[in-house]
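Shown next, in structure tokens, is the structure this report addresses.
The values are calculated or read from the model by the stated rules, or taken from the named source; none is laboratory data. Just so you know, these numbers come straight off a predicted model, no measurement behind them. With ideal geometry, Cβ positions are generated from the backbone for all residues, glycine too; neighbour counts draw on all protein chains shown.
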Amino acid sequence: MMAVAIPLLVLLATLGLPLFAVLAAGGLLAAHQAGLDPAVLIIELNRISSSPNLIAIPLFTFAGVVLAAGGSPQRLITFFNAFLGWLPGGLGSVALTVCAFFTAFSGASGVTILALGGMLYPMLRQVGYPERFCLGLLTSSGSLGILFAPSLAVLVYGIVAGVSIDQLFLAGIVPGFILLAMLIGYSFVAGLKAHLPHHPFELRAIWPAFRKSIWDLFLPFGILIGIFGGFVTVSEVSACTAAYVLFIECVVHRTISLHRQLTELIREASILVGSLLIILGVAMGLTNIMIDAQIPMQLLAWVETHVDSHLQFLLLLNLFLLVVGAMMDIFSAMIVMVPLILPLAQRYGVDPVHLGIIMLANLELGYSTPPVGLNLFIACQRFKKPVLSLFRATLPFLAIMLVWLVIVTYLPQTSLWWR
Amino acid sequence: MLERLQRLVMRLETLLVCVSLLLLLALTLGQILARNFLETGIPHADTIARLLLLYVTFFGAALATAHDRHIKVDVIAHWLSPVWRNRLFRPVQFLGMVVSCLLAVAAWRFWQDEWQFAAQSDRWHVLVNLILPTGFGLLTLHFLFALLLGEKREHRQT
């Protein structure tokens, strides 16, 4: 029965059936075939409430939504433009830095392209960047900061894999900055080649921009100090972040009116959270049934007969995840794939923290890869350009990211330097 | 009539999700303050926070169904013409409704078992857990609304 059901479910998923319904249908069928009560799926779903770190997801999402609505992107652009805009290719570097900063908070849900793309695209074009460069940069930057705290993608991996989220945040810092530096380098070269004009360095312009954005700039430092200083846990820091963001947007900058906008902001955040956590819940039930049926063990036995070395495993893992990343969005890919890949990776001596960074790096590339790269479709809507021309525009950026992926995968020290 | 009922349900869900998220925020902040300044904790705070998380999840998922904003892997649907996507809308909603309904039945049976075997002191916890069958019931209801009302303009534009 499952031999027919699995391709049928895959087909239904590709035709638009929500992923949670596809996974739940798979779980219900598997339970029926194994002679189990479907309530086993609900038992596992109920367990999502027992993970203390999961509380961080709605609160960080809410903080990201409030920041996006409150004008944080504009303040960050003004500051980073004053700080970096005087360099050759400076505005490109500004765009990359702001996108990375903002994606860490908005959770790579496409908000970055929607919130920042509309502002940065005309700015980049006005300075004289070629259209293709601007589109490529803004499309691929939509997922640039997913390795930085407090990225939702890192949180989801930590929860699904049962890995310390503090360690994952620490492991993401160097790989995240390497990618940012590589892309800034490319933007610098592109700026030099095109002989683009750039404004002179003015200390006087930095100070007012810094004063306006200081509250936003403090956020990532506050989160890292809070967690690694041992003052608060991940879920507590998420509550502090949400309260802090509400305070700066409602009291300091007064860009958000609580009684007029709060309901809408919470609704927006809850839609993002609900659509993500419902998948996590049903996938946990399905995973449990798969473990009962010893599917990960069978997969492990199959891989062991075909893959001999650690290096070969990493290579296959990269190829497999690149394909998965091009077909699924990052959250659903992690929820479905981590329980299958984690035992294999441990068998081949890959550290679970390093595996998390490898997975996130691969899936980050998938964001800008057809057929379902989320960034491509959001950029297509935002800039009114065909998906294929956007894909062509992102190719140089994808090539750089591919080099970065090799570095991150085969040099585990980049992620595990702190051990 | 049906649209008015749908709007009413969505308004109620929005209200409940707002209350749940704000309570979750207040409770987590309260717990930090109580622990650090009063050297104590709010009784059952962790349990309540985790239950509130379930409320945010289910009401959020119900609203995601109402706005057709669930996470999808719709590779083929993306490349189809709007006419074909429109034709597929109702069958997809029907399947979503069937799956959600089966989950609601399973959740109800699970809840009944929990209630039957819960100690008297834990009954409040089980009662609050009614969100499991209710949540899947709401998902079923929204898929039914979409099935009967068809694709809205708002969905087509996104």
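The residues of region B:96-115 that are among the aromatic types (Phe, Trp, Tyr) and more than 7 Å from every other protein chain (Cβ to nearest Cβ), listed by number, are B:Trp108, B:Trp111, B:Trp115. How about region A:226-261: which of its residues are within 7 Å of chain B (Cβ to nearest Cβ) and aliphatic (A, V, I, L, M)? Once the filter is applied, which keeps residues that are within 7 Å of chain B (Cβ to nearest Cβ) and aliphatic (A, V, I, L, M), region A:226-261 yields A:Val232, A:Ala239, A:Ala242, A:Ala243.
Contact map, region B:103-122: residues that are touching a residue at least 12 places away in the same chain (Cβ under 8 Å) paired with residues that are of a type in the set (S, T, N, Q), Cβ distance under 8 Å, separation 6+ or inter-chain. Pairs shown: B:Ala104/B:Thr140; B:Phe110/A:Asn46; B:Trp111/B:Asn129; B:Glu114/B:Asn129.
The set of residues from region A:56-69 being surrounded by 23 or more Cβ atoms within 10 Å (Cβ to Cβ) and either facing another protein chain (nearest Cβ under 7 Å) or over 20 Å from A:Val163 (Cβ atoms) (or both) comprises A:Pro58, A:Leu59, A:Thr61, A:Phe62, A:Ala63, A:Gly64, A:Val65, A:Val66, A:Leu67. Contact annotation: residue pairs with Cβ atoms under 6 Å, 6 or more positions apart or on different chains, pairing a residue in region A:303-324 that is more than 16 Å from A:Thr409 (Cα to Cα) with a partner that is at pLDDT 90 or above, are A:Val303/A:Leu344; A:Val307/A:Phe313.
For every residue, the table says whether it meets (1) at pLDDT below 90; (2) within 23 Å of A:Ile178 (Cβ to Cβ).
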| site | (1), (2) |
| --- | --- |
| A:Phe60 | no, no |
| A:Gly64 | yes, no |
| A:Gly89 | yes, yes |
| A:Thr97 | no, yes |
| A:Ala115 | yes, no |
| A:Pro122 | yes, no |
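Screening A:Asn53 against (1) more than 9 Å from every other protein chain (Cβ to nearest Cβ); (2) part of a helix (DSSP H, G or I); (3) closer than 21 Å to B:Pro133 by Cα; (4) in contact (Cβ under 8 Å) with a residue 24 or more places away in the chain leaves a single unmet condition, (3).
Mind checking which residues of region A:215-273 are assigned to a loop (DSSP other than H, G, I, E, B), touching a residue at least 60 places away in the same chain (Cβ under 8 Å) and either touching a strand residue (DSSP E or B) at 6+ places or on another chain (Cβ under 6 Å) or of a type in the set (A, V, I, L, M, F, W, C) (or both)?
A:Ile256
Might you let me know whether region A:401-419 holds any residue that is farther than 30 Å from A:Phe228 by Cα and at pLDDT 90 or above? Looking for residues that are farther than 30 Å from A:Phe228 by Cα and at pLDDT 90 or above, one finds at least one in region A:401-419, hence yes.
Of the listed requirements (1) buried (at least 18 other Cβ atoms within 10 Å of the Cβ); (2) under 26 Å from A:Ile335 (Cα atoms), B:Thr47 misses just one: (1).
Considering only region A:70-80, I want to know if a residue exists there that is over 30 Å from A:Ser270 (Cβ atoms), crowded, with 19+ Cβ neighbours inside 10 Å and either under 20 Å from the mean Cα position of the chain (by Cα) or among the hydrophobic types (A, V, I, L, M, F, W, C) (or both). The answer is yes; a qualifying residue exists.
Kindly indicate whether any position in region A:23-30 is within 25 Å of the chain's Cα centre (by Cα) and in a helix (DSSP H, G or I). For region A:23-30, residues within 25 Å of the chain's Cα centre (by Cα) and in a helix (DSSP H, G or I): present. Specify the residue that is surrounded by the fewest Cβ atoms within 10 Å (Cβ to Cβ); the eligible residues are those in region B:65-106 that are touching a Pro at 6+ places or on another chain (Cβ under 8 Å) and closer than 19 Å to A:Val336 by Cβ. In this case the residue turns out to be B:Val75.
One residue stands out among those in region B:71-95 that are at pLDDT 90 or above and at the interface with chain A (Cβ under 7 Å from one of its Cβ atoms): the one that is farthest from B:Thr28 (Cα to Cα), which is B:Leu88.
Among the residues of region A:269-288, are any more than 10 Å from chain B (Cβ to nearest Cβ) and of a type outside the set (A, V, I, L, M)? Within region A:269-288 (the criterion being more than 10 Å from chain B (Cβ to nearest Cβ) and of a type outside the set (A, V, I, L, M)), the answer is yes, since at least one residue qualifies.
Considering (1) part of a helix (DSSP H, G or I); (2) charged (D, E, K, R); (3) within 29 Å of A:Val323 (Cα to Cα); (4) more than 8 Å from chain A (Cβ to nearest Cβ), the lone condition that B:Glu3 does not fulfil carries the number (3). Taken over region A:299-333, the residue count meeting the criterion of being surrounded by 16 or more Cβ atoms within 10 Å (Cβ to Cβ), assigned to a loop (DSSP other than H, G, I, E, B) and either at pLDDT 90 or above or more than 22 Å from the chain's Cα centre (by Cα) (or both) is 1. Scanning region A:130-174 for residues that are within 30 Å of A:His195 (Cβ to Cβ), part of a loop (DSSP other than H, G, I, E, B) and aliphatic (A, V, I, L, M) turns up just one, A:Leu144. From the list A:Gly142, A:Gly162, A:Gly185, the lone residue that is over 22 Å from A:Leu398 (Cβ atoms) and not hydroxyl-bearing (Ser, Thr, Tyr) is A:Gly162.
Just one of the numbered conditions (1) more than 10 Å from chain B (Cβ to nearest Cβ); (2) surrounded by fewer than 21 Cβ atoms within 10 Å (Cβ to Cβ) is not true of A:Ala30: (2).
Of the helices (runs of 4 or more DSSP H) lying entirely inside region A:346-419, those containing at least 1 residues that are more than 25 Å from A:Leu116 (Cβ to Cβ) and in contact (Cβ under 8 Å) with a residue 12 or more places away in the chain span A:352-366, A:387-410, A:413-416.
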